[in-house]
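Chemist: One structure coming up, written as structure tokens, with questions to follow.
The values are calculated or read from the model by the stated rules, or taken from the named source; none is laboratory data. As the structure is a computational prediction, the values presented were derived from the model and not from experiment. Positions of Cβ are generated from backbone atoms using ideal geometry, with glycine treated the same way; all protein chains shown enter the neighbour counts.
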């Protein structure tokens, strides 16, 4: 498996883990009666991949430190953004289904596969839904942040010489 596919799948797994942790935290808040405010947790979950992109960057630099070729860049960005968007859509639909299923007759499939103009959404960042916010963060990380950091990274310093 090439490094672009491998590390974009790692990015998707990290995003899925962070989004899942946010869902578990909010569900535990309801179950154990402590305050887990979705208006704080969901934006933090949408922005968290931005901060955790350093983990992927370190792994990329230690594995193969040269910059992405144009093909690797495109594959990394496409897989990373589309995969993260799909995971974010699933998490948003899960959150909405758990919030709505007791009050109205609705199935998870109806929430997940609703047309874009009739979707239930959770407004997170700048008036955008969780899915679009997460897709925007993933696009920034996969298209700009990681490839630019790889191409502009500093060269390692030579080992110090012992001059006595």
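Chemist: Is it true that residue 93 is under 21 Å from residue 45 (Cβ atoms) and in contact (Cβ under 8 Å) with a residue 40 or more places away in the chain?
Modeler: Values: under 21 Å from residue 45 (Cβ atoms): yes; in contact (Cβ under 8 Å) with a residue 40 or more places away in the chain: no.
Considered against the rule, which asks whether it is under 21 Å from residue 45 (Cβ atoms) and in contact (Cβ under 8 Å) with a residue 40 or more places away in the chain, residue 93 comes out as no.
Chemist: Tell me which residues, restricted to the stretch 5-45, are touching a helix residue (DSSP H, G or I) at 6+ places or on another chain (Cβ under 7 Å) and at pLDDT below 80.
Modeler: 26, 35, 36, 38
Chemist: Restricting attention to the stretch 22-45, which residues are assigned to a helix (DSSP H, G or I) and either farther than 22 Å from residue 91 by Cα or without any contact (Cβ under 8 Å) to a residue 12 or more places away in the chain (or both)? So that I can check it myself, show each step before the final result.
Modeler: Keep residues of the stretch 22-45 that are assigned to a helix (DSSP H, G or I), which gives 22-31, 38-45.
The answer is 24, 28, 29, 30, 31, 39, 40.
Chemist: Residues in the stretch 33-45 that are crowded, with 21+ Cβ neighbours inside 10 Å and touching a strand residue (DSSP E or B) at 6+ places or on another chain (Cβ under 7 Å): how many?
Modeler: 1
Chemist: Does residue 153 satisfy the criteria of being in contact (Cβ under 8 Å) with a residue 12 or more places away in the chain, farther than 16 Å from residue 8 by Cβ and more than 20 Å from the chain's Cα centre (by Cα)? Break it down into steps so the answer makes sense when it comes.
Modeler: Working: in contact (Cβ under 8 Å) with a residue 12 or more places away in the chain: yes; farther than 16 Å from residue 8 by Cβ: yes; more than 20 Å from the chain's Cα centre (by Cα): yes.
Answer is yes for this residue.
Chemist: Based on this model, can you work out whether residue 94 counts as at negative phi and touching a strand residue (DSSP E or B) at 6+ places or on another chain (Cβ under 7 Å)?
Modeler: On the way: at negative phi: yes; touching a strand residue (DSSP E or B) at 6+ places or on another chain (Cβ under 7 Å): no.
The answer is no for residue 94.
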